[in-house]
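Heads up, the thing below is written out as structure tokens.
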Amino acid sequence: MEKEISQAVIRRMPRYYRYLGELLDEGVERISSGELSERMSVTASQIRQDLNNFGGFGQQGYGYNVSYLYEEIGKILGLNETHNIIIIGAGNLGQAIANYMKFEKLGFHTIALFDVRDDLVGTKIRGIDVHHINELDDFVKDHNIDIAALTMPKSSADDIANRLVSLGIHAIWNFAHVDLSIDATDVVVENVHLSDSLMQLSYNIVKNH
């Protein structure tokens with residue numbers, strides 16, 4: 001039986017990947033858990049524990065081979081494959097995500113946007129077509145879609161999410177300001193509540209002044 005990795009560990013993996021990428025750019029070939037901990041402000045023990053969940057990767061007295069560890073964490077995060085994304089909602093936020101080219105470098109390709117607005121349908125965002133929401137079912141059936149991003153009003157988010165699930169999509173990146181109610185247990189939902197982050201920031205401003 002495969003070992004269950006905690007979500008707390010998984011949430012830290014992209015940060016390791018980002019720091020290791022920076023080390024590669026600097027030409028660093030190897031690094032100890034102690035040196036990595038200083039850069040990341042995470043204890044060396046935490047780093048070793050996290051990486052041991054996936055097999056360790058380090059050598060006593062040598063540390064970590066930066067290139068190898070970067071590649072292995074990329075595999076753990078599924079970045080050795082490409083993932084097709086569709087965006088439901090072609091307003092400002094949907095367009096910002098479609099325009100963010102770094103996602104493509106990580107293997108996430110936005111292949112279509114969907115909306116109901118006549119002034120948006122038929123246009124292109126960075127060369128990506130905006131379709132009418134009525135075309136959603138046929139498009140999903142004809143293309144291999146891994147992730148659907150919801151950047152739409154919360155009033156219709158549940159309906160659209162369940163429609164996507166019925167079409168066979170198993171991963172939803174939810175920017176709609178609502179916790180989705182989905183009639184399926186094998187669907188992964190990542191909620192991104194931007195205003196929650198701002199409120200946490202606001203709390204910390206107030207607390208520290």
Of all residues making up the stretch 79-99, the number that are open to solvent by less than 10 Å² (accessible area, probe 1.4 Å) and without any contact (Cβ under 8 Å) to a residue 40 or more places away in the chain: 1
Thr185, sole failed condition from (1) among the polar types (S, T, N, Q); (2) under 25 Å from Gly122 (Cα atoms); (3) open to solvent by 80 Å² or more (accessible area, probe 1.4 Å): (2)
Unique match (being modelled with pLDDT under 95, among the aliphatic types (A, V, I, L, M) and farther than 22 Å from Val192 by Cβ) among Ile47, Ile76, Ile10: Ile47
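A quick yes/no check of all residues on (1) among the aliphatic types (A, V, I, L, M); (2) within 20 Å of the chain's Cα centre (by Cα); (3) more than 26 Å from Pro14 (Cβ to Cβ):
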{"residue": "Lys102", "(1), (2), (3)": "no, yes, no"}
{"residue": "Leu120", "(1), (2), (3)": "yes, no, yes"}
{"residue": "His177", "(1), (2), (3)": "no, yes, no"}
{"residue": "Ala184", "(1), (2), (3)": "yes, no, no"}
Output for the stretch 56-74, where each listed residue is without any contact (Cβ under 8 Å) to a residue 12 or more places away in the chain and either open to solvent by less than 60 Å² (accessible area, probe 1.4 Å) or under 23 Å from the mean Cα position of the chain (by Cα) (or both): Gly56, Tyr68, Glu71
Residue count, the stretch 146-174 (criterion: touching a residue at least 12 places away in the same chain (Cβ under 8 Å) and surrounded by fewer than 22 Cβ atoms within 10 Å (Cβ to Cβ)): 15
Residue check for Leu198: under 19 Å from Arg11 (Cα atoms) and open to solvent by 80 Å² or more (accessible area, probe 1.4 Å): no
Restricting the stretch 100-139 to residues that are without any contact (Cβ under 8 Å) to a residue 12 or more places away in the chain and of a type in the set (Asp, Glu), the residue that is most open to solvent (accessible area, probe 1.4 Å): Asp118
Within the stretch 128-165, tally of residues that are under 22 Å from the mean Cα position of the chain (by Cα) and of a type in the set (Gly, Ala, Ser): 4
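The values are calculated or read from the model by the stated rules, or taken from the named source; none is laboratory data. Here the structure is a predicted model, which is why all the values come from computation and not from measurement. Virtual Cβ from ideal backbone geometry, glycine too; neighbours counted across all protein chains shown. Keep in mind that these areas ignore ligands, DNA and RNA; they rest on the heavy atoms of the full protein, side chains included. Shrake-Rupley method; radii C 1.70, N 1.55, O 1.52, S 1.80 Å.
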